[in-house]
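Enquirer: Starting off with a structure, shown below.
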Amino acid sequence: MKTAMLIVLVVILVSRFSVAQTPAEQEVLQFERDACKAFLDADVAALEGVLTPNFTLTLSSGEVNTRADEINELRSKKVHYDVFENYDMLVRLYGDDVAVVLGKTRVKGTADGKPFDRVVQFTDTVIKRDGRWQLAAGHVSRIEK
């Protein structure tokens, strides 16, 4: 009985962290963290490097944002992030240059002067071009706290 409870505890603890088995998976997870940092730091140049030219993000509402939408929102400074963190990530590699990342994102900050604090489930499709990962598409679904 104690062994079974210990195994369950270990599984729960491990599932709270992004576990990468290979160097390629670790590379993709680092890319995801860097992408979050671009939003957190309001770094337009970094965000431009992270997103492919034809990037799309499908929101919980069904609305689809483009690369330009995301960059313009960051540039406008209408949204400020105090927290932008991906966690519970799982990487699925498809060859050497395509990955799908599943996980959760917590964002906290202000939008048009109004505070927000939410968690979303995300699915990102990332591709490797010219030796670096870029985000080609994303989808988020809001999770109620």
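Enquirer: Name the residue that is nearest to Arg118 (Cα to Cα), counting only residues in the stretch 58-86 that are surrounded by fewer than 15 Cβ atoms within 10 Å (Cβ to Cβ) and touching a Lys or Arg at 6+ places or on another chain (Cβ under 7 Å).
Expert: Selected residue: Val83.
Enquirer: Given Asp124, Asp117, Asp96, which one is assigned to a strand (DSSP E or B), of a type outside the set (Ser, Thr, Tyr) and exposed (fewer than 13 other Cβ atoms within 10 Å of the Cβ)? First the steps, then the outcome.
Expert: On the way: Asp124 fails: exposed (fewer than 13 other Cβ atoms within 10 Å of the Cβ); Asp96 fails: assigned to a strand (DSSP E or B).
Among Asp124, Asp117, Asp96, only Asp117 is assigned to a strand (DSSP E or B), of a type outside the set (Ser, Thr, Tyr) and exposed (fewer than 13 other Cβ atoms within 10 Å of the Cβ).
Enquirer: I've got another one for you. Being in contact with a Phe, Trp or Tyr (Cβ under 6 Å, 6 or more places away or on another chain) and part of a helix (DSSP H, G or I) is the filter here, so list the residues in the stretch 44-88 that pass it. Full working, then the answer.
Expert: From the stretch 44-88, those in contact with a Phe, Trp or Tyr (Cβ under 6 Å, 6 or more places away or on another chain) are 67, 81, 84; that's our starting set.
Result: Arg67, single match.
Enquirer: Condition first: outside any helix (DSSP H, G or I), out of contact with any Leu (no Cβ under 6 Å at 6 or more places or on another chain) and at pLDDT below 85. Now tell me which residues in the stretch 1-41 satisfy that.
Expert: Going residue by residue through the stretch 1-41, those that are outside any helix (DSSP H, G or I) are 1, 16-22, 41.
Adding the requirement that they be out of contact with any Leu (no Cβ under 6 Å at 6 or more places or on another chain) leaves 1, 16-17, 19, 21-22, 41.
Once the filter is applied, which keeps residues that are outside any helix (DSSP H, G or I), out of contact with any Leu (no Cβ under 6 Å at 6 or more places or on another chain) and at pLDDT below 85, the stretch 1-41 yields Met1, Arg16, Phe17, Val19, Gln21.
Enquirer: Looking at this structure, is Phe55 within 26 Å of Gln21 (Cα to Cα), within 16 Å of the chain's Cα centre (by Cα) and surrounded by 16 or more Cβ atoms within 10 Å (Cβ to Cβ)?
Expert: no
Enquirer: Name the pairs whose Cβ atoms lie under 9 Å apart, with the first residue in the stretch 130-145 and more than 11 Å from Ser60 (Cα to Cα), the second exposed (fewer than 11 other Cβ atoms within 10 Å of the Cβ), and 6 or more positions between them or separate chains?
Expert: Ala136/Asn54; Ala137/Asn54
Enquirer: What's the number of the condition Val91 fails, among (1) in contact with a strand residue (DSSP E or B) (Cβ under 9 Å, 6 or more places away or on another chain); (2) part of a helix (DSSP H, G or I)?
Expert: The failed condition is (2).
Enquirer: Residues of the stretch 92-116 being without any contact (Cβ under 8 Å) to a residue 24 or more places away in the chain and of a type outside the set (Phe, Trp, Tyr), which ones? Explain how you work it out, then say what you get.
Expert: Within the stretch 92-116, the first condition is being without any contact (Cβ under 8 Å) to a residue 24 or more places away in the chain, and the residues that meet it are 92, 94-95, 102, 106, 113-116.
Selection gives Arg92, Gly95, Leu102, Arg106, Gly113, Lys114, Pro115.
The values are calculated or read from the model by the stated rules, or taken from the named source; none is laboratory data. What you see is a predicted model; the values in this text were computed from it and never measured. Here the Cβ is made from the backbone with ideal geometry for all residues, glycine too, and neighbour counts use every protein chain on show.
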